[in-house]
Amino acid sequence: MRPPRANRYRSAWAGSLDAARAGEEVRLAGWVNRRRDHGGLIFVDLRDRTGLVQLVLHPETAPAAFAAAEALRAEHVVSVTGEVVGRETGKENPALVTGEIEVAVSALELLAAAEPPPFPIDDSAEVDEALRLRERPLDLRRPSMQESLRVRSAVSRAMRDALYARDFLEIETPILTRSTPEGARDYLVPARTDPGAFYALPQSPQLFKQLLMVAGYERYFQIARCFRDEDLRADRQPEFTQLDVEMSFVTEDDVIELMEAVMAAVFAATAFPAPAPPWPRLTFAEAMARYGSDKPDLRFGLEIADLGAALAGSEFKVFSGALASDGVVRGLNAGAAGLPRSALDELTELAKGHGAKGLVWAEVQEDGSWRSPVAKFLSTEEIAGVGETLGAGPGDLVLIVANAPLVAGEALGAVRLSLRDRLGLLGPEPGHSLVWVTDFPAFAWDAEAGRFTAIHHPFTAPTGDLDDPGSCLSRAYDLALDGSEIGGGSIRISTPEVQAKVFEVIGLGAEEAERRFGFLLHALRYGAPPHGGIAMGLDRIAALVAGRENIREVIAFPKAASGADPLTGAPAPVDDSQLRELGLRALAPRPD
């Protein structure tokens, strides 16, 4: 870190001092981390954003500063002047970068007093998250949070630098726009100047970045704020940040290779030990068949295998019924898991929770037979065939699901991840895996709505016959890191005819499409280049790189799981006068 510009408060960073600066007079500013009175000497650990340094105050050499230090408490804000001196031999602190030196203070100025904080600032104790969010400015002083936000900053900077080096332009798109159906509820903003009309906060800059490609800018990016009114989880917030990228005259390979270069730069800047690109690619069908997930974790085995050939002649109705109805029978070898019956029951319930009718389990005996509730329904040849397909030997646990392909894959995928955690398959140093998933289905049938919906969004270019939407694939691609999706994008539709047809497929009539997306259809009529892009979840990337389980740990001022902000009290009622000015009336009673 560069030295600060010297002023009356500071001439050096606390965490930058070392033995090479012994004898130098410095001015430091920061917070009192801890004060220790050793009867004749006072030691103060001074903290700023770069780290800690020990101050020592002598009553003989600096009586005024010593007297002021006697009243110091944790989190008081001070500025000090003093000489950098080496610590006495044997009193060094190897745990600190500054552990070989201390600062002999000659002058001390109290800049602000502090009340006792409601929790330790030094990460020495677990603190209730609600309290942390309510006292977020104090929480952000803690070393773990300081490090998290440093990592996040490094991620953003590496992304920007990599894209600037490749001739991208950083362009901002509107925050106030119109409501468009993109899969989640919009946050609406009433327009005072047009009573009854509303802006919407953008779920993504999708349409604007496509318009920039029509406008000829060819290489665009921004670190964009996005808003979705949806239920929250550990990796979701109502407002989030993404790296948004769009390119003209490109194919899938161009976007993927660009993002591999950008993410490799991110990993290098944060010392994250990810494998070097190129990263493997799986089609959606392959990912679901082998791992039961469209964001597979490749850090461990337990691949799913198709058992259809081994069980083709089975008279066991669970298997034969699935195969006769265009379903599949798939399974995995959990190895010598040694799971009790209670754990097998839990795995069965997990599979059912993902749509399966059940989970067949079997433990392979020494003679190759099975200890299983279904063993009596299967022939010796069928058991041997399953064992050969899965590579199962004595002591191994075999788990099988018979169902529709997608259901069987998702159920076994959930079981696979549960086994990863139950059996500790990642080990103490699991490493990291990245994988691209491509060729997603373009549309899914929504039985409740009685129409097709777009799997990604309706601006993704499809492949196949749009008169048979269920058979169409999309030119979409997602990137997964350690089983978490960190980004996704697609090649876009670049002709008004195809875009109008896709709107028709998802049940958006011509009049409705024109009303909602007429500005896009109009722009496409004036010559749109082939274009595509991607959005990378910056919050999620920062959390994974920083080793945090929850994205709230890498966001300065996040919302709680409820969507509320304990710090500011948002959302909160507004004055009636404000509502009247907007032409609104609150129908729900105000909370007390």
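The values are calculated or read from the model by the stated rules, or taken from the named source; none is laboratory data. All of these numbers come straight from a predicted model, not from anything done at the bench. Please note: Cβ atoms are built from the backbone with ideal geometry, for glycine as well, and neighbour counts cover all protein chains shown. Accessible surface is based on the protein model in full, side chains and every heavy atom, while ligands, DNA and RNA are left aside. Shrake-Rupley method; radii C 1.70, N 1.55, O 1.52, S 1.80 Å.
Structure above, values below:
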read-out	value
Residue among 338, 387, 391, 358 that is farther than 30 Å from residue 263 by Cα, modelled with pLDDT under 95 and either among the small types (Gly, Ala, Ser) or open to solvent by 40 Å² or more (accessible area, probe 1.4 Å) (or both)	338
Residue match in the range 236-255 (condition: over 30 Å from residue 179 (Cα atoms) and at pLDDT 95 or above)	yes
Failed item, numbered, when residue 167 is tested on (1) within 30 Å of residue 457 (Cα to Cα); (2) in contact with a strand residue (DSSP E or B) (Cβ under 9 Å, 6 or more places away or on another chain); (3) open to solvent by less than 70 Å² (accessible area, probe 1.4 Å)	(3)
Index of the failed condition, residue 193 passing every other in (1) of a type in the set (S, T, N, Q); (2) open to solvent by 70 Å² or more (accessible area, probe 1.4 Å); (3) within 22 Å of the chain's Cα centre (by Cα)	(3)
Residue identified as in a loop (DSSP other than H, G, I, E, B) and modelled with pLDDT of 95 or more among 556, 586, 523, 561	556
Number of the condition not met by residue 322 [criteria: (1) touching a strand residue (DSSP E or B) at 6+ places or on another chain (Cβ under 6 Å); (2) open to solvent by 40 Å² or more (accessible area, probe 1.4 Å)]	(2)
Total residues in the range 404-445, condition in contact with a strand residue (DSSP E or B) (Cβ under 7 Å, 6 or more places away or on another chain) and either open to solvent by 20 Å² or more (accessible area, probe 1.4 Å) or farther than 30 Å from residue 505 by Cβ (or both)	11
Flag for residue 123 being open to solvent by less than 70 Å² (accessible area, probe 1.4 Å), at pLDDT below 95 and in contact with a helix residue (DSSP H, G or I) (Cβ under 9 Å, 6 or more places away or on another chain)	yes
Long-range neighbours under 6 Å by Cβ, at least six apart or interchain, first residue within 26 Å of residue 453 (Cβ to Cβ) and part of a loop (DSSP other than H, G, I, E, B) within the range 163-186, second modelled with pLDDT of 95 or more and among the β-branched types (Val, Ile, Thr)	none
Some residue of the range 493-511 being buried (at least 22 other Cβ atoms within 10 Å of the Cβ), outside any helix (DSSP H, G or I) and either touching a Cys at 6+ places or on another chain (Cβ under 7 Å) or modelled with pLDDT of 95 or more (or both)	yes
Scope the range 187-206; condition assigned to a strand (DSSP E or B) and in contact (Cβ under 8 Å) with a residue 60 or more places away in the chain; matching residues	190
Residue match in the range 275-295 (condition: at pLDDT 95 or above, more than 30 Å from residue 488 (Cα to Cα) and either in contact with a helix residue (DSSP H, G or I) (Cβ under 7 Å, 6 or more places away or on another chain) or open to solvent by less than 30 Å² (accessible area, probe 1.4 Å) (or both))	no
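Conditions (1) open to solvent by 60 Å² or more (accessible area, probe 1.4 Å); (2) within 25 Å of residue 225 (Cβ to Cβ); (3) not small (Gly, Ala, Ser), marked per residue:
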| site | (1), (2), (3) |
| --- | --- |
| 558 | no, yes, yes |
| 569 | no, yes, no |
| 573 | yes, yes, yes |
| 578 | yes, yes, yes |
| 585 | yes, no, yes |
| 588 | yes, no, no |
